[in-house]
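> Sharing a structure here in structure tokens format.
The values are calculated or read from the model by the stated rules, or taken from the named source; none is laboratory data. No experiment lies behind these values; they were computed from the predicted model shown. Counting neighbours? That spans all protein chains shown, and the Cβs are built from the backbone with ideal geometry, glycine included. Areas reflect the complete protein model, heavy atoms only, side chains present, ligands, DNA and RNA absent. Shrake-Rupley method; radii C 1.70, N 1.55, O 1.52, S 1.80 Å.
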Amino acid sequence: MNKPAPRASDPETIRAEILEKLTYAIGKDPAVAKRHDWLNATVLALRDRIIDRWMESTRAAYQAKAKRVYYLSLEFLIGRLLRDALNNLELNGAFTQALQDLNVDFDLVAALEPDAALGNGGLGRLAACFMESMASLGIPAYGYGIRYNHGLFRQKIKDGWQVELPENWLEHGNPWEFGRREAAYEIGFGGQVVLGIETGNRQQRKWKPAEKLVASACDTPVVGWRGKRVNTLRLWTARAMDPIRLDAFNSGDYAAALAESNKAEIITRVLYPADSTAAGQELRLRQEYFFTSASLQDIIRRHMQQYGEVHSLAEKVAIQLNDTHPAIAVAELMRILVDNHGFDWDEAWDITRGSIGYTNHTLLPEALESWPVHLFEHVLPRHMQIIYQINARLIADAQKRPDCTAEFLASVSLIDEHNGRRVRMGQLAYAGSHSINGVSALHTSLMKQSVFRDLNTLYPGRINNKTNGITPRRWLLGANPQLAALLDESIGQSVLDDAERLVEARRFATDAGFRQRFSAIKRHNKDELANLIAARMGIRVDPAAMFDVQVKRIHEYKRQLMNILETIALYNAMRAHPDKPWAPRVKIFAGKAAPSYAQAKLIIKLINDVAQVVNGDPAIRGLLKVVFIPNYNVSLAEVIVPAADLSEQISTAGMEASGTGNMKFALNGALTIGTLDGANVEIMEHVGRDNIVIFGLTAEDVERKRRMGHDARATIEASPHLRDVLAQLASGVFSPDDAGRYRPIIDSLYNSDWFMVAADFDAFATAQRQVADIWRQTEDWTHKTILNTVSMGWFSSDRTIREYAREIWNVPVA
Ligand code: F58
């Protein structure tokens, strides 16, 4: 087939292309076009250039009979795509110029693109970074997920409280996507299993679902660095088999006429907003099965089309499960192979295990998914049978062990018999995968000691570590173009080609000229963030002050509470000793709380109450400011991250699987204050112990303290600063309108302190003083932050994906 001639990339050509799209695809005269029209015309013009490469990529993979990677994830937190795609195609300058020639401001137009928030937090953002890295490394890959009509809620702050509003990213249409009505699959629910023909000693079983609906595909191209490859993100939408029941409509029963349609469409209507608790509702189980089944049918259809058989599936296909949300894939693939393709169990099992790998992202017990057996049976009766069969074999394997005990059996079983009978999705994913990976070295080792200790004994050698990474295209070039340019210049080539070469810039850490430019870039980014804060919140912050930042989902284990309590202690100290040489600070918080998580919402309110008091107190002469920036999302992160001086990564040790925000900040030249948790441990190893401020209990300490009993009350009594802060909270200093407001927080600290806020408080406060000391040594600070930036190349998601490719998927990388 002839390749299309490469298009010219000069501003004149691009201007003509944008005008053509505006006129013929949007139907608008430039004279009356609104900004949204320009945005859509720009995206469409760019999209054409992407399509050429997209088709080329797909064709090449087909011709090479390449193994394909399928990344199944209930969440893809992609954010805006325009700037990212332009950067990756190196067309940013030409498009900006073309629009300028049309009297259109690129920045204003780009800011209109909705921030696609089809994810909650780290897990969803990781999936997006991985998609970009897979394309950049030339790996033929598909992301599979759900095209939610409404992504993560928008957060407003009203009187200091979080209020949730619906998110509507598709309001103005979505110029990036291609609806593929032809790529549609039937998805069944409920019903019964019937016995079919008997062949040999096998009785065939057939699932007769009670309900059926249709999954139809929407594709978004994912452009790799320098346009090397374009992969597909395929998101599924649910619709009814029959859009309307005409008989009901004709007899005037309009509700019944549309009932089926509504029931189907509800499945892909909204993203569940819980970040670290398993949702547990039937609709969630339906979402999980819906997208997993559609994806597997699509994978098998593509494989059959190319190879005409399914026996070779595991050779040509690697399916990665992003957490347990798609873990039903294990049973669904078995069902398809055994029931639909007539495979015998053992071969089907080899194919299933040979194709599937599973990534675990959490050890929090409340986040480990399990479903009541009766619900499972009701929604997926055939899958329940298959899970019982898998379990029977697994239990038989366990019983062969001489050291097998009842506890061992209970721990490896796919069925939890302790609290009602429940199907454990983690155990199912483990049993059905050839690889089970954690997301940081510490997390992986804890996983081996905790959730999967006994499964690791039964089926050893499957657990491996893949420390997370972030794409430097978005988190360095996109978010901090000036720093990217400085680094490119220093190492004499693009950092984006091979982030690990960043270390070569190490020698510049002592170079006066480099330091000066590095600092000037940070200052520029801080000015931008200060402007955003002023514009959105009406608060003036001093860009010369230390920007001390904690932005992430609000959760007790992430300990925003410890941070704000320490802020109060600092405020008290500043008031008591106004003449000490304080390092001026702006404490910046942002993040969403799950709507049902009362304690997290109370922490948001506390931050805002403290902000009210501190920001309005003339006695501290502006030395301290507290801001909670509403509606944290990917686009906001792109402004905050490059402007941070201090990155707060202070989770209770053992509870944050990896963290990826920690990587973004360090790469952009922030110093980290953190616990030895998740990937902080490896960040410390890379940047050096002297260039990070580590404090607090280790994961082992936390575990021991919990086991031995931690006397929180005694700990608080022994910490005068914390005691005073809690007394202030209790007496309503920060909540004069409701003195009892913070009772739940005070009680949880005195009575349990599960998250070790009290236990770590003094160590944290001391570490903060150490940070202030370094800050006052400006040259030392700059030196350390440069060493952070240049040491972070290893945390590129390109490195992570290379490891997945080599050690799990067995696919080559470019
Ligand atoms: C996060 N998990 C981990 N879960 O907390 C974080 O340490 C890690 O860096 C990141 O994954 C990537 O590995 C996370 O974001 C969720 O948001 C789930 C959403 C669905 C319900 C359960 C939690």
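> Treating cross-link reach as a plain straight distance, find the lysines whose alpha-carbon is under 29 Å from the alpha-carbon of Lys65, omitting any fewer than eight places away in the same chain.
Within reach: Lys3, Lys228, Lys316, Lys466.
> If you average the sequence gap of Cα pairs under 8 Å that are 6 or more apart and divide by the length of segment 212-337, what percent do you get for the contact order?
So the answer I get is 18 percent.
> Let me spell out the model: positive unit charges on the Cβ of Lys and Arg, negative unit charges on the Cβ of Asp and Glu, origin at the Cα centre of segment 513-559. What dipole size does that give, in debye rounded to 20?
180
> How would segment 1-119 be classified by its alpha-carbon gyration tensor: rounded, prolate or oblate, with rounded meaning a/c under 1.5 and the a/b versus b/c comparison settling the rest?
Oblate is the answer for segment 1-119, as a/c is 1.5 or above yet b/c matches or exceeds a/b.
> Follow-up. What FRET efficiency do you get for Asp747 and Gln449 if R0 is 35 Å and r is their Cβ-Cβ distance, rounded to the nearest 0.05?
With R0 = 35 Å, the Cβ-Cβ based efficiency is 0.65.
> With only alpha-carbon atoms in the gyration tensor, what are the semi-axes of the equivalent ellipsoid for segment 707-814, in Å, largest first?
The answer is 42, 23, 15 Å, longest axis first.
> Hey, another quick one. Using amide H atoms built 1.01 Å from N in the peptide plane, name the residues 5+ places from Thr232, or on other chains, whose amide H lies under 5 Å from its own.
Those lying under 5 Å, H to H, from Thr232 are Ala141, Gly143, Val222.
> According to the Cα gyration tensor, what semi-axes, each the square root of 5 times an eigenvalue, does the equivalent ellipsoid of segment 630-733 have, listed from largest to smallest in whole Å?
One finds semi-axes of 28, 20, 13 Å for segment 630-733.
> Another question, if that's okay. For segment 542-604, just list the percent of Cα-Cα distances falling in each 10 Å bin from zero outward, please.
20, 43, 26, 10, 1
> Work out, step by step, the length gained on full extension between Asp617 and Gln204: first 0.36 nm times the residue separation, then minus their alpha carbon distance; give nm to one decimal.
141.1 nm
> Students often check this: by mean Cβ neighbours within 10 Å, which of 705-714, 339-348, 556-565 ranks highest, and how do the rest follow?
Per-residue mean Cβ counts within 10 Å order the peptides as 556-565, 339-348, 705-714.
> Two decimals, Cα atoms only, Kirkwood Rh: what is Rg/Rh over segment 607-675?
My calculation puts Rg/Rh at 1.03.
> Got a sec to turn the phi values of segment 161-167 into Karplus ³J(HN,Hα) couplings, 6.51 cos²θ - 1.76 cosθ + 1.60 with θ = phi - 60°, whole Hz, x for Gly and Pro?
Coupling constants for segment 161-167: 9, 6, 10, 9, 10, x, 9 Hz.
> Further question on the same structure: Leaving out ligands, DNA and RNA but keeping every protein chain, what accessible area does Ser519 have, in Å² rounded to the nearest 10, with a 1.4 Å probe?
So the heavy atoms of Ser519 present about 50 Å² to solvent.
> Shifting gears a bit: How much mean residue ellipticity at 222 nm does the chain get from its helices, if each DSSP H run of length 4 or more adds -39500 (n - 2.57) and you divide by all residues, to the nearest 500 deg cm²/dmol?
-14000 deg cm²/dmol
> Same structure, new question: About the Cα centre, and with charges only on the beta carbon of Lys, Arg (+1) and Asp, Glu (-1), how big is the dipole of segment 1-154? Nearest 20 debye, please.
700
> Identify, among Thr199, Gln482, Ser440, the residue whose Cα sits farthest towards the positive end of the charge dipole of the chain, taking +1 on the Cβ of Lys and Arg and -1 on the Cβ of Asp and Glu, with the dipole about the Cα centre.
Farthest towards the positive pole: Thr199.
> Which whole-percent values make up P(r) of segment 127-263 when all C-alpha to C-alpha distances are grouped in 10 Å steps starting at zero?
In whole percents, the pair-distance histogram is 10, 21, 27, 23, 14, 4, 1, 0.
> A further question on this structure: Taking a cut-off of 28 Å between Cα atoms, list the lysines near Lys212, but don't count ones fewer than 8 places away on the same chain.
Lys212 reaches Lys263.
> Report the Cα-based extents of segment 426-545 along its three principal axes, largest first, to the nearest Å.
57, 41, 22
> Let me ask something additional. Rg and Dmax in Å for segment 734-786, alpha carbons only: what are they?
That works out to 17.3, 46 Å for Rg and Dmax.
> Now, a different point. Round to the nearest 0.05 the FRET efficiency obtained for Lys228 and Ala256 when R0 = 51 Å and r is the Cβ-Cβ distance.
Once rounded, the FRET efficiency stands at 0.45.
> Further question on the same structure: Taking the alpha-carbon distance from Lys156 and a cut-off under 22 Å, which lysines remain once sequence neighbours fewer than 8 residues away in the same chain are dropped?
Hits, sequence-local ones excluded: Lys552, Lys558, Lys587, Lys592, Lys601, Lys605, Lys625.
> Over all alpha-carbon pairs in segment 294-396, figure out the percentage whose distance exceeds 20 Å.
I get 42 percent for the Cα pairs in segment 294-396 exceeding 20 Å.
> For segment 481-557, what are Rg and Dmax over the alpha carbons, in angstrom?
16.1, 44
> Putting +1 on Lys and Arg Cβ atoms and -1 on Asp and Glu Cβ atoms, find which of Ala238, Asn262, Phe249 reaches farthest to the positive end of the dipole of segment 217-262.
Working it through, the farthest residue towards the positive pole turns out to be Ala238.
> Seen from all sides and averaged, what is the projected area of the convex hull of the Cα atoms in segment 193-258, in nm²?
That works out to 9.6 nm².
> What distance in nm separates the two pseudo spin-label positions at Ala576 and Arg506, each 7 Å out from Cα along the beta-carbon direction?
For the pair Ala576/Arg506, the computed spacing is 4.3 nm.
> Over segment 359-438, what is the relative contact order in percent, taking alpha-carbon pairs closer than 8 angstrom and at least six residues apart?
42
> Given C-alpha coordinates of segment 701-752, what is the ratio Rg to Rh with the Kirkwood estimate of Rh?
Here the Rg-to-Rh quotient is 1.08.
> Extension gain Asp101-Gln63, at 0.36 nm per residue separation less the Cα-Cα distance, in nm?
9.5 nm
> In nm, to one decimal, how far is the modelled label at Gln599 from the one at Ala485, with both set 7 Å along Cα→Cβ?
4.8
> Given a Förster distance of 35 angstrom, what is the FRET efficiency for Leu364 paired with Met241, based on the Cβ-Cβ distance and rounded to 0.05?
It comes out at approximately 0.35.
> May I pose another question? For segment 361-506, what does the relative contact order come out to in percent, with C-alpha contacts under 8 Å and a separation of six or more?
Relative contact order comes out at 18 percent.
> Considering only DSSP beta bridges whose two residues both sit in the chain, what percent are antiparallel, to the nearest 5?
Bridges in the chain are about 45 percent antiparallel.
> Find the accessible area per residue for segment 607-730; the probe is 1.4 Å, ligands and nucleic acids are left out, and the unit is Å².
33
> Can you list residues from other chains, or at least 5 along the same chain, whose modelled amide H is less than 5 Å from the amide H of Asn464?
Long-range HN contacts for Asn464: Ile436, Asn437, Gly438.
> So, one more: Take the eigenvalues of the Cα gyration tensor for the chain, scale each by 5, and report the square roots as semi-axes in whole Å, largest first.
Semi-axes, largest first: 43, 35, 26 Å.
> Under the 0.36 nm per residue contour assumption, what length would be gained going from the current alpha-carbon distance of Ala730 and Ser312 to full extension?
The span from Ala730 to Ser312 would gain 143.9 nm if fully extended.
> Count the DSSP beta bridges whose two residues both fall in segment 535-632, then state the antiparallel fraction as a percent rounded to the nearest 5.
Beta bridges within segment 535-632, antiparallel portion: roughly 0 percent.
> Could the peptides 394-407, 467-480 be put in order, highest first, of the mean number of other beta-carbon atoms found within 10 Å of their residues?
Final packing ranking: 467-480, 394-407.
> On alpha-carbon atoms, Rg over Rh for segment 367-462 using Kirkwood Rh?
Rounded to two decimals, Rg over Rh is 0.97.
> Rounded to the nearest whole Å², what accessible area per residue is found for segment 265-321 with the 1.4 Å probe?
Accessible surface, normalised per residue, equals 32 Å².
> Which percent of the accessible heavy-atom area of segment 69-215 goes to carbon and sulfur, probe 1.4 angstrom?
Using a 1.4 Å probe with all protein chains present, segment 69-215 comes out at 48 percent carbon and sulfur.
> A further question follows. Sorted by average packing, counted as other Cβ atoms within 10 angstrom per residue and highest first, what order do 741-747, 202-208 take?
Ranking, from highest mean packing down: 741-747, 202-208.
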